[in-house]
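Below is one structure; the comments refer to it alone.
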Amino acid sequence: MSIRERMSGNEAIATAMRQINPDVFAMFPITPSTEIPQYFAQYVADGKVDTEFICVESEHSSLSACLGAEAAGARAVTATSSAGLSYMNEVLYVAASLRLPVVLAVACRALTGPININHDYSDSMAERDSGFIQLYGENNQEVYDNYLMAHRIAEHPDVRLPLMICEDGFITSHALENIELEEDDKVKAFVGEYHPENYLLKKENPLAVGPYGVSGYYMEARVAQAYAMKNAKKVILDVAKDFEKTFGRSYGFFEEYKMDDAEIAMVIMGSSAGTAKACVDELRKDGIKAGLIKVRVFRPFPGEEIAKALSNCKAVAIMDKSEGFSACGGPLFAEVSGACINMDKRPKMVDIVYGLGGRDFTVDAARSVYDRLGSIVETGEVGEVYTHMGQRE
């Protein structure tokens, strides 16, 4: 039976970690993810886990320690944010290429500069092509549930890739919300123990980790890694189906909110989706056929599925909470528009970059987006495709 509780996203992640009881937690603090190792350190001190808790000198070292642990056959976790994730950059690519299923909690925060400690997705989006699976949560419940599914996805023999659990810095990481926790024994049974097929300490099958990839082998390794990411799509849905059967809460690649007959729609991620849903509800009362797609799984990107979900819309706004500096739109827009390029009938699309560095996103702001989409449908004129919203002129 679920246990009703009230906690922050950081505590929810730390609680999931405690319930799973990983072999190794290598930590280095950075705002706003610092609470995760703080909570977990208390669990270690109280004897609630038997995890090897390692304090290291940098974020680069924390992920490196996790790689060593995973290569040796252990289940390893860590957490970070913003510049800390950037500092891990080299090791992120190594983890994915070595097929080591580390689970990394990221409290997403703006990257420098100028220095800012508030939320957007510039940190996680900068690492979107590192080879990590990426799951995003709208609220604390979804962050907790994503973490319970993370190890089963990452460690699946058809996948064996590292995974990021992304929450919104300070918005979900620190805000208290009602949440349903699952009983410790049921979580342990759902997640299971980690039994890797090959690892450094397996004497029956000695192997090397991190060999030099000469030209005759490098591409094959990369292609195998790419297929593993493709395989992750099925595994994510299979694990979600078992999660729903076990705990009663349902998840897919994304959530379709009032999309059955939607003529105008927004594609958005994270906590901003809750605000946008409130706007959709208001618009529906006014007879406007508005809908919303909230992306939960960004890697692997569910392009074919999103294209199908948008196929009956007339105009769509892609909401990017990070700036891609491509001069033609942000990363979410690139993915969604690319997925729709071969549709026989596709909606007109615009990209709106918003919320950078913690800039507010309100119901009125969401309404202005839908008003623009309504104008596009009425006039047939898209106007400027790539714009920003919320900044001072």
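Values in this text are rule-based calculations from the coordinates and carry no lab data. These figures come from a predicted structure and were not determined experimentally. Cβ: placed from backbone, ideal geometry, glycine included. Neighbour counts: every protein chain shown.
Odds and ends about this structure:
- If you take all other residues with their beta carbon under 15 Å from the beta carbon of Glu255, and give Lys and Arg +1 and Asp and Glu -1, the sum is -2.
- Against the rule of thumb 2.2 N^0.38 Å, how large the Cα Rg of the stretch 3-247 comes out: 0.96
- The ranking of Met389, Met266, Met149 by Cβ neighbour count inside 10 Å, starting from the fewest, reads Met389, Met149, Met266.
- Of all DSSP-defined beta bridges confined to the stretch 3-247, some 20% are antiparallel rather than parallel.
- By the count of neighbouring beta-carbon atoms within 10 Å, fewest first, Arg346, Arg18 end up ordered Arg346, Arg18.
- The local environment of Val24, defined by Cβ-Cβ distances under 9 Å, has a net charge of -2 under the rule Lys, Arg +1 and Asp, Glu -1.
- Its relative contact order, with pairs defined as Cα atoms under 8 Å and 6+ residues apart, puts the stretch 1-118 at 27 percent.
- Sorting the segments 210-216, 254-260 by their mean number of nearby beta carbons within 10 angstrom, highest to lowest, gives 254-260, 210-216.
- Helical content of the chain, expressed as a calculated mean residue ellipticity at 222 nm, amounts to -12500 deg cm²/dmol (DSSP H runs of 4 or more residues, -39,500 (n - 2.57) each, divided by residue number, nearest 500).
- Extreme residue, positive dipole direction of the chain, given options Ser82, Leu176, Val350 (C-beta unit charges): Val350
- Largest mean-square fluctuation among Ser326, Ser62, Ser122, in a Gaussian network model of the chain whose springs join Cα atoms under 10 Å apart, belongs to Ser326.
- The relative contact order of the stretch 254-389, computed from alpha carbon pairs under 8 Å that lie at least 6 residues apart in sequence, is 28 percent.
- Of the peptides 41-53, 282-294, the ranking by mean beta-carbon count within 10 Å, highest at the top, reads 282-294, 41-53.
- Note on Thr172, Thr379, Thr31, Thr15: ascending count of other Cβ atoms within 10 Å places them as Thr379, Thr31, Thr15, Thr172, the fewest first.
- Cα shape, the stretch 261-364, gyration tensor, a/c 1.5 rule: oblate
- Shape category assigned to the stretch 27-159 from the gyration tensor of Cα positions, a/c cut at 1.5: rounded
- Of the residues Pro37, Pro162, Pro114, the one that moves most in a GNM of the chain with alpha-carbon contacts below 10 Å is Pro114.
- Tensor-based shape of the stretch 127-249 (alpha-carbon gyration tensor, a/c under 1.5 rounded, otherwise prolate or oblate): prolate
- Positive contributions from Lys and Arg (+1) and negative ones from Asp and Glu (-1), summed over other residues with Cβ under 13 Å from the Cβ of Gly355, come out at -2.
- For a label point 7 Å along the Cα-to-beta-carbon line of Ser250, residues of the stretch 106-147 with backbone N under 17 Å: 142
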